[in-house]
1. Give the stretch A:54-80 a look and list any residue that's over 23 Å from the mean Cα position of the chain (by Cα) and hydrophobic (A, V, I, L, M, F, W, C), or say none.
2. Tell me, which residue of the stretch A:224-238 that is part of a loop (DSSP other than H, G, I, E, B) and crowded, with 24+ Cβ neighbours inside 10 Å is farthest from the other protein chains (Cβ to nearest Cβ)?
3. Within the stretch B:1-14, take every residue that is closer than 18 Å to residue A:261 by Cβ and outside any helix (DSSP H, G or I) and give me the one that is farthest from the other protein chains (Cβ to nearest Cβ).
4. Of everything in the stretch B:51-64 that's surrounded by fewer than 19 Cβ atoms within 10 Å (Cβ to Cβ) and touching a helix residue (DSSP H, G or I) at 6+ places or on another chain (Cβ under 6 Å), which residue is farthest from the other protein chains (Cβ to nearest Cβ)?
5. List every residue pair whose Cβ atoms lie under 7 Å apart, where the two residues are 6 or more positions apart in sequence or sit on different chains, the first residue falls within the stretch A:144-163 and is farther than 23 Å from residue A:200 by Cα, and the second residue, located anywhere, is of a type in the set (D, E, K, R).
6. Touching a helix residue (DSSP H, G or I) at 6+ places or on another chain (Cβ under 8 Å), aliphatic (A, V, I, L, M), under 20 Å from residue A:375 (Cβ atoms) and surrounded by 20 or more Cβ atoms within 10 Å (Cβ to Cβ), is that true of residue A:207?
7. Exactly one of these conditions fails for residue B:354: (1) modelled with pLDDT under 95; (2) touching a His at 6+ places or on another chain (Cβ under 6 Å); (3) not β-branched (Val, Ile, Thr). Give me its number.
8. Quick check on this structure: which one of A:204, A:195, A:157 is part of a helix (DSSP H, G or I) and either touching a strand residue (DSSP E or B) at 6+ places or on another chain (Cβ under 6 Å) or within 30 Å of residue A:279 (Cα to Cα) (or both)?
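The values are calculated or read from the model by the stated rules, or taken from the named source; none is laboratory data. Being a predicted model, the structure only gives us computed values, none of them experimental. FYI the Cβ positions are ideal-geometry reconstructions off the backbone, even for glycines, and counts take in every protein chain you see.
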Protein chains: 2
Amino acid sequence: MDRHLEISRRAQTMPASPIRRLVPFADSAKARGIKVYHLNIGQPDIETPEAMMAAYRHTDIKVLSYGPSDGLKSYREALAGYYRRVGINIAPQDLLITTGGSEAILFALKAVADVGDEVVVVEPFYTNYAGFAVMACVKLVPVTSQADNGFRLPSRADFERVITGRTRAIIYSNPGNPTGVVYNADELERLRRLALEFNLFLVADEVYREFCYDDAVPLSVLNLAGLDDRAVLVDSVSKRYSACGARVGCVASRNREFMHAMLRFGQARLCPPTIDQLAAEAALSVPDSYFQRMRDEYRCRRDVVCEALTRMPGVLCHKPGGAFYVVARLPVRDAEEFAIFMLDRFNLDGETVMVAPADGFYATPGKGKDEVRIAYVLNCADLQRAMQILAAGLEEFRRQ
Amino acid sequence: MDRHLEISRRAQTMPASPIRRLVPFADSAKARGIKVYHLNIGQPDIETPEAMMAAYRHTDIKVLSYGPSDGLKSYREALAGYYRRVGINIAPQDLLITTGGSEAILFALKAVADVGDEVVVVEPFYTNYAGFAVMACVKLVPVTSQADNGFRLPSRADFERVITGRTRAIIYSNPGNPTGVVYNADELERLRRLALEFNLFLVADEVYREFCYDDAVPLSVLNLAGLDDRAVLVDSVSKRYSACGARVGCVASRNREFMHAMLRFGQARLCPPTIDQLAAEAALSVPDSYFQRMRDEYRCRRDVVCEALTRMPGVLCHKPGGAFYVVARLPVRDAEEFAIFMLDRFNLDGETVMVAPADGFYATPGKGKDEVRIAYVLNCADLQRAMQILAAGLEEFRRQ
């Protein structure tokens, strides 16, 4: 092309997914015949519940038509029932079904903040928040949690230091991606007071609710007192039912004006996928034993990973209470270099491991440079082997 | 609530869907036992191809995992094959699968324009463009087409009058929603020259490609010479395969930088729904005879509607060449009043008709006040009856 028309500045600044950034190195390793254990992405290997997949197979729809913009009524009602069972009291009309949790977060950001407004985020955070912020033209302002204390919620003073007149909301995930931290009642109370005193929305990403181990308990933003006008829940079936490809999530709030805005955003994109909603509705019938088995399995995986990491010289890793991630501090200067080394120049008997450099989970430049996120989404035996490879790779990397 | 936290200004200004605005009146008519013929929404009654529905039923996926952010590779390749068959040469890597055409338009707007930039749109236009513009913080600038000439593309001078230094793109649908107009080669050439001379992207919504009647031919933006860096196609399976609830669309361009931005927007929301993409892929196997039958059916419907409208005193309606809509000018001062009258105060032997007031399809205040959009999405017999009711209602309304 002789002439070239430039795309918008926001499109130019839109970040690539740091989780997927190293995929070409993995592809090239595989092309060389190396087996790659993928610990870089939160894609569970757990089978989707049979009841959910059966709903696809039993589809008898003749005309696959638009559904309601706020989601299928039967699904919204059943979903309210699920929330009741986990102790969250929310009416079907205070729920809007979204196309994945992604859309829920994007809609929520747009509804709580205008262009140039600020949203405080606890870092490290789910990396795609950064992309959503660019798409919503909102400024993400980080408050940093620390590896040393297992990424507990930063202090009130830490929040006060970054809150300005343009701050409109705090967004956090609980249980946390990428840290796995599960906030306790004191921490939730700190967020509640901040929201009240500084007049902020509290946007809680609770997609890992069912992934809590030992005595960790997931506390919902919707159960915080006095926040009816400012508590926003975003959720998804992706992790809960190992159904990431279904793209069914939701946003919930008791703020009617907020929910009416959700509906109008929803009307613009017409509706979430119809049959996937029917499948998500079917998934709601899985017995508690499904989650119990899943939790047992993930607890074992977490233990394998955390215990192996703790044994590696110079590695810092607090065993987290939830989700299926852990952020580990490595004795390296640049974790991305290390991650690329693992794919590009290392293998143990023809096998290697892919991890996600953690700097992509921070908004503060330079933070997380010596950290990686490990998603423990493989079975315990594979994880044991992957940790062996990681330990050997780390040793080799440090020698060079 | 005593205190009340305000949502963002953009959320406050987000428009409700004008197509769905009158739904409460329809609901109330139905509650009174009135049968309502829905001509207000572009939801076809045509059955989704059996091959597509069978793909849902034959799902044998065990783990419903994330797909690639740009869509399933097999589907992108098959889709490129579809485009080849309809005379559009586009490589799979220049296609990104979206969650419906809605997401394609939203992504495209964000990538061609920054906050406050202007996008020229031919009005009347697909009403959801207005919502997408609010979501993308872009200003839609209308150039008005006229009922009197069947909504042909406005003149070059009309466009020049509204193009400013902030104009970044022209967006149009062809075949047109809500007008049904199919632009000819001269009209496309006018758009091509405008894009080149004023350095604009040309975003073409071609979701009604297969709905062309008589000798109307759908000309694609991707076949315009010299526009490789600025032609953007948005498309969807919703209308083509009567699969609005599948939420599978795409965006295509030969501008690599633009497509790379599409990928990064796509990565933020992870992926389009997986099984729906497999179903869309299966739909590509339908033989040409499927579209031929569909076209025959819709041509009959269009003729029923247009001929009936033309017979109504004072009604102006040019028979359009494509899509399944017609915008008719009625001999009334306020078409919304009339539409509400039809639902609220009129019935013919217990039946009435719902139409969409056309002012929601205009950005210029006051335009389209005496126009309605009629979607001919019912069978010919039902449409005949609906037109009888409409004629009687119009007569009654004018008497009062």
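1. A:54, A:55, A:61, A:63, A:64, A:72, A:78
2. Here the answer is A:237.
3. B:6
4. In this case the residue turns out to be B:51.
5. From residues that are farther than 23 Å from residue A:200 by Cα, the pairs are A:147/A:329; A:147/A:371.
6. yes
7. All conditions pass for residue B:354, except number (1).
8. Values: A:204 fails: part of a helix (DSSP H, G or I); A:157 fails: either touching a strand residue (DSSP E or B) at 6+ places or on another chain (Cβ under 6 Å) or within 30 Å of residue A:279 (Cα to Cα) (or both).
Of the residues listed, the single one that is part of a helix (DSSP H, G or I) and either touching a strand residue (DSSP E or B) at 6+ places or on another chain (Cβ under 6 Å) or within 30 Å of residue A:279 (Cα to Cα) (or both) is A:195.
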